[in-house]
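The values are calculated or read from the model by the stated rules, or taken from the named source; none is laboratory data. This one's a predicted model, so the numbers in the text were calculated from it and none came from an experiment. Positions of Cβ are backbone-derived with ideal geometry, glycine not excepted, and every protein chain shown enters the neighbour counts. The accessibility values were calculated without ligands, DNA or RNA, using every heavy atom of the protein model including side chains. Shrake-Rupley method; radii C 1.70, N 1.55, O 1.52, S 1.80 Å.
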Amino acid sequence: MQNFAFYNPVKILFGKGQIANIAAEIPADAKILITYGGGSIKSNGVYDQVQSALAGRNVFEFGGIEPNPHLETLLKAVELVRNEDIDFLLAVGGGSVLDGTKFIAAAVPFVGDPWDILAHSAPVASAIAFGAVLTLPATGSEMNTNSVVTKWETQEKLYFSSPLVFPRFSVLDPETTFSLPPRQIGNGIVDAYTHVMEQYLTYRVNAPLQDRWAESILQTLIEEGPKTLANPQDYDARANVMWAATLALNGLIGAGVPQDWATHMIGHELTALHGLDHAQTLAIVLPSTLSIKRSSKWQKLLQYGDRVWGIVDGSEEERVTKAIANTRNFFESVGVRTRLSDYGVGLETIPVIIERLEQRGAVALGEHQDVNSQVIEKILTLSL
Ligand code: NZQ
Ligand code: ZN
């Protein structure tokens, strides 16, 4: 096992009715800004629950944070927070609202252009406190330090990470997810699944506990995910998927093991350039990455096939091929298409993506830093 430091202070309030308990988590004299997206929280009752939990408090609101949150929108919230001396943010929504709020939290006290935090890894020296009410299980943002923001003007989708943007608390009430449309349910399953794969499907470092955790999260998503599509009101299935998605990217399963993340880095370019949903890009890129990198991932692919999919018959070659095919088929089965052509994206995007990654020096990807421009080209060509 590799050396690691693990730190995760996020308090999770899990289960039905937990929104009612948020007032106790926010200082009584706080000036609070509720941040949210395009309005789903207003039609599914989550907004009303939050408002009644905060009755009598000093509350402002900022709506309109887009999926793949835009810098340009978030900067308006930064202005509002500065002008009103707001000192606590409450993000209510999916990963985009949470990520956007992390950015606002870091940008408010930042001296200079806050985009530098992402574009030039400018250090985050302080951030305002925030909490979250999650309505879409997918990203793990509710219990991690990551934030992904898109600068609309230049179509750049970049991330930053800082322990200062851990939420103080996150509410995970599975009932808030009953209103998700099938597309977002499938997206959430694929995103969480891919987060596990990025941290598990690399090479062996004798970390059987991390492997077993990863495999159990994958199996939970395979077994419970389809139930949430078949019956949106299935509370138990929702609860299991929600907790699985949180654990998929809260730092635990990735501690002490090598990590890949090539699929995510390539995927972010597809979103930035073509507007595909985050999970759609992962469903396209992950199966091809596994195929192109199969020889260096061989032992883990065999283990994954055996333990997650019960693939024990056939030659090693056949078992590896089947494990990758099962991954693709699972994504398709939850409604997320796995080919660039399914989204009307063609060959011409490949050199553009490679050039953009090269410009940022992001062409030594993967657990061996050997996913270079040529490998990225092969991966994307196989994704057509
Ligand atoms: O904006 P509203 O009206 O709220 O609608 C949203 C949005 O249209 C809707 N939605 C959310 N909860 C709902 C709901 N609709 C009905 N009922 C509910 N309960 O779903 C749509 C998508 O929401 P979004 O927040 O964009 O989705 P997701 O949670 O998948 O977040 C994606 C973003 O997270 C980033 C992605 O790159 C992308 O920008 N990621 C963040 C990560 C992190 N912080 O660690 C890691 C991930 O790999 C990922 O990169
Ligand atoms: Zn992701």
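Quick notes
- Computed from backbone phi, the HN-Hα couplings of segment 60-75 come to 10, 9, 9, x, x, 6, 7, x, 6, x, 8, 3, 4, 6, 5, 5 Hz, rounded to whole numbers (Karplus: 6.51 cos²θ - 1.76 cosθ + 1.60, θ = phi - 60°; Gly and Pro given as x).
- Contact order relative to length of the chain, as percent, for alpha carbon pairs under 8 angstrom and 6 or more apart: 16 percent
- Backbone HN-Hα couplings from phi across segment 293-309 [Karplus 6.51/-1.76/1.60, Hz, Gly and Pro as x]: 9, 4, 5, 7, 9, 3, 4, 6, 5, 5, 5, 4, x, 5, 7, 8, 10
- In the chain, the portion of solvent-accessible area held by carbon and sulfur atoms comes to 51 percent [1.4 Å probe, whole percent, DNA, RNA and ligands not counted].
- Computed label-point distance, nm, for sites Ser161 and Ala125 using a 7 Å Cα→Cβ extension: 2.4 nm
- Across the options Pro174, Thr202, Ala132, the greatest Cα extent toward the positive end of the charge dipole of segment 105-221 (unit charges at beta carbon of Lys, Arg, Asp, Glu) belongs to Thr202.
- Per-residue ellipticity at 222 nm from helix content only, as computed over the chain with -39500 (n - 2.57) for each DSSP H run of at least four residues, stands at -14500 deg cm²/dmol.
- Neighbour net charge for Leu118 - beta-carbon separation under 14 angstrom, K R +1, D E -1: -2
- If R0 is taken as 41 Å, the Cβ-Cβ distance between Glu316 and Asn231 corresponds to a FRET efficiency of 0.60.
- Given +1 at the Cβ of Lys and Arg, -1 at the Cβ of Asp and Glu and no other charges, the dipole of segment 265-350 around its Cα centre is 200 debye to the nearest 20.
- Estimated FRET transfer efficiency (Glu84, Asp113; beta-carbon r; R0 30 Å; 0.05): 0.85
- Fully extended contour minus Cα-Cα distance, from Thr349 to Ser333, at 0.36 nm per residue: 3.1 nm
- Amide hydrogen neighbours beyond the local backbone of Phe130, cut-off 5 Å, H modeled: Leu89, Arg168
- Assuming charge only on the beta carbon of Lys and Arg (+1) and of Asp and Glu (-1), the dipole of the chain about its Cα centre is about 400 debye to the nearest 20.
- Unsatisfied cross-links (Cα-Cα over 32 Å) in the set Lys227/Lys322; Lys11/Lys378; Lys11/Lys31: Lys11/Lys378
- Rounded to whole Hz, the Karplus (6.51, -1.76, 1.60) HN-Hα couplings of segment 277-290, x for glycine and proline: 4, 3, 5, 4, 5, 5, 4, 6, 8, 4, x, 5, 4, 4
- For Leu357, neighbours were defined as the other residues whose beta-carbon sits under 13 Å from its Cβ, and their charges (Lys and Arg +1, Asp and Glu -1) total -2.
- Pairs of Cα atoms nearer than 8 Å and 6+ residues apart set the relative contact order; for segment 1-160 it is 24 percent.
- Charge context of Gly140, other residues only, Cβ under 15 angstrom, K/R +1, D/E -1: -3
- Ranked by the mean number of other Cβ atoms within 10 Å of their residues, highest first, the peptides 102-113, 157-168, 349-360 come out as 102-113, 157-168, 349-360.
- Straightening the chain between Glu61 and Ala364 buys 104.9 nm, computed as 0.36 nm per residue apart minus the Cα-Cα spacing.
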